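The values are calculated or read from the model by the stated rules, or taken from the named source; none is laboratory data. Treat the numbers as computed from the prediction; the structure is a model and nothing was measured. For neighbour counting, all protein chains shown are included, and Cβ atoms are generated from backbone atoms with ideal geometry for every residue, glycine included. Heavy atoms of the whole protein, side chains included, go into the accessibility calculation; ligands, DNA and RNA do not. Shrake-Rupley method; radii C 1.70, N 1.55, O 1.52, S 1.80 Å.
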Amino acid sequence: MFSQRITRRNFLRASGIGAAALFGSSFDAFGGFRVKAQSQPFAPDAEVSITAVEKTVQIYAGAPTRVWSYEGRLLSGSGVTVQAVPGSYLGPVLRVKSGTKLRIQFNNELAEKTVLHPHGLRVPEDCDGQPMQSIDPGQTKVYEFQVIDRAGPYWFHPHPMMRTAEQVVMGLAGLFYVWDPEEEIAVPGASTGANDIPLILQDRLFDANNQFLYQPNMMWGYLGDRVLVNGQAGPSLAPEPRAYRLRILNGSNARTYKLAWSNGMPLTVIGSDGGLLPAPLTRDYVMLMPGERVDVWADFSKLAGKRVILRSLAFDPGGMGMGMMGGMGGGGMMGGMGMMGGSSLANGAAIDILKVNVGRKATAKPELGPFPAFPVRYDAGNVPNYAAPRPFTLSMGHMMSWTINGRIYNMNDMTEVAADEIFTRDEVLALEWINASPIPHPMHIHNVQFQVLERAAEWTPPGYASVNQGFVDTGWKDTVLVWPGERVKIALSFGPHTGMYMYHCHILEHEDMTMMRNLMVMEPGM
Ligand code: C2O
Ligand code: CU
Ligand code: CU
């Protein structure tokens, strides 16, 4: 498959025929549609409006909470379903069939600049929703792109300069599920959501008047002392005794979860950021950092009439002993209460996330079907620089300036790209994240899905053994956890879209504090 791709492309180039004319609609190496950017006017299959608004909702008894919310509406056409998550002030679920040509009218009805970023999707540069594309209050930004990615649990969130973190805390986040017929065979209900339970995990701090309190911690970012699920406090679920698909997004700014069932049953993981894994796998627990997703097939059929709890187990998050300092709650000077941090629930503390009260009668019995063939498996045989990956070192400077290869985002030149941040479209390349800092970072790249080739620990941070059985590295990823001391080698190939994109840590305070950089994808031969 891999070599066929190269051959066909070389042929196209050698023949001197514009690739745009020939590509047409075909499945690409990622298993999604590939259609070259059209020069004709865009003819959408479907049109959606998403409006960022302020409103109030009842999260706790007493005073309602002021939130910001994405309100979605299907304006016309097919290929997209817009579903509200019941009881949630968060954005809608956009359920989009792969191949759909989509127009999104994004309206900003907030009192400040914002922009919508489709996280994990490969879209043209002008649809990427980067900080520079932010729009003013009252303005509308129109996105027009074809959904070319394979089925997967993508999402969308704001991305304005230095304001991403707080806007997400206020409630701006939504799910963007792409489905295709192959996924429907593997996981029944993929096209409708019939067996889906979306779970967006977000920790929050509240003041005495039930309002969100935004008090980030200098080192860890924003940590709340309560974990909301789909924007709801004290969440619970009452499923039938049968299987469901739990589609979990860590939509928190900074908190890492170590997900496990309270009764000790393993988690059956069927997918990650970029869709279905090659095959289901089981884990006693799954580590999930901000921005990451995991699809879990949860079979409650043996639990009729019983309760099970989805938990985050205690773990040591690193931080030079500043993370979880048992009993102190806050994790010492920098972990929680000190240095402006408002949370008494340290990163790595044990939390009950979701109570699941299983009913007694099942009305359906969904079962997993055969999984689609995995499009490409990157390894030493097809990644030319496998042995010499391009290094990206994550460090902590003084005053907690987080850097990537010693650099921060250049506010004075928002188009700055360094030589090692330039990529060639269609080139298969290995990169390596090297975490030389004391805390974990979830590293995210726009405009691509990548694969994890290898993890190695240079040095072993305390508590590494309490997390390292919970990584899910076999599928497509757009955000990857890099533990202190680890070198995480990944492989990727950008395309079809070229231009300026970004990569950054998905701890949103780190991103806003400039642990973010541009990257450039060039046409081959430039
Ligand atoms: Cu989800 Cu640039 O981010
Ligand atoms: Cu993104
Ligand atoms: Cu970070």
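With all protein chains kept in place, the per residue accessible area of the stretch 46-186 amounts to 32 square angstrom at a probe of 1.4 angstrom.
Net charge of the neighbourhood of SER191, taken over other residues with C-beta under 12 Å away and scored Lys/Arg +1, Asp/Glu -1, is -3.
Only one residue of GLY305, GLN211, ILE185 has its Cα farthest out toward the positive end of the dipole of the chain, where Lys and Arg carry +1 and Asp and Glu -1 on Cβ, and that residue is GLY305. Excluding ARG242 itself, calculate the net charge of residues whose Cβ lies under 13 Å from the Cβ of ARG242, where each Lys or Arg counts +1 and each Asp or Glu counts -1. Taking every other residue near ARG242 into account, the sum is +2.
Taking the protein heavy atoms of the chain in the context of the full set of protein chains, the accessible area attributed to carbon and sulfur is 55 percent at 1.4 Å. With a simple spin-label model that places each label point 7 Å from the Cα along the Cα-to-Cβ direction, the separation between ALA373 and ASN405 comes to 3.6 nm.
Look at where the Cα atoms of the stretch 77-131 and of the stretch 142-162 average out, and the two centres are 6 Å apart. Beyond 29 Å in Cα-Cα separation lie the following of the pairs LYS306/LYS365; LYS258/LYS477; LYS141/LYS258; LYS97/LYS361: LYS141/LYS258; LYS97/LYS361.
Under the convention that each Lys and Arg Cβ holds +1 and each Asp and Glu Cβ holds -1, the size of the dipole of the chain around its Cα centre is about 1240 debye.
Surface exposure of the stretch 196-357, expressed per residue as accessible area with a 1.4 Å probe, stands at 31 Å².
Mind jotting down the distance between the C-alpha centroids of the stretch 180-233 and the stretch 353-418, whole Å? Here the two parts' Cα centres lie 18 Å apart. With a 1.4 Å probe rolled over the protein heavy atoms of all chains, the accessible area of MET161, MET526 falls in the order MET526, MET161, largest first. A 1.4 Å probe over all protein chains sorts ASP473, ASP126, ASP136 by accessible area into ASP126, ASP136, ASP473, starting with the largest. Considering helices alone, the calculated mean residue ellipticity of the chain at 222 nm is -2000 deg cm²/dmol, with DSSP H runs of length four and up weighted by -39500 (n - 2.57) and normalised per residue. Restricting attention to the chain, close to 80% of DSSP beta bridges with both partner residues there are antiparallel. Taking Cα centre as origin and charging only the Cβ of basic (Lys, Arg, +1) and acidic (Asp, Glu, -1) residues, the dipole magnitude of the stretch 85-244 rounds to 100 debye. Electrostatic tally near GLU511: other residues with Cβ closer than 11 Å to its Cβ, Lys and Arg +1, Asp and Glu -1, net 0. Projecting the Cα atoms of THR498, ALA465, SER437 onto the dipole axis of the stretch 345-500, where Lys and Arg carry +1 and Asp and Glu carry -1 at the beta carbon, places ALA465 farthest toward the positive end. Accessible surface computed residue by residue for the stretch 442-526, with neighbouring protein chains in place and a 1.4 Å probe, gives 24 Å² per residue. Note on the stretch 200-315: with charges restricted to the Cβ of Lys and Arg (+1) and Asp and Glu (-1), its dipole about the Cα centre is near 300 debye.
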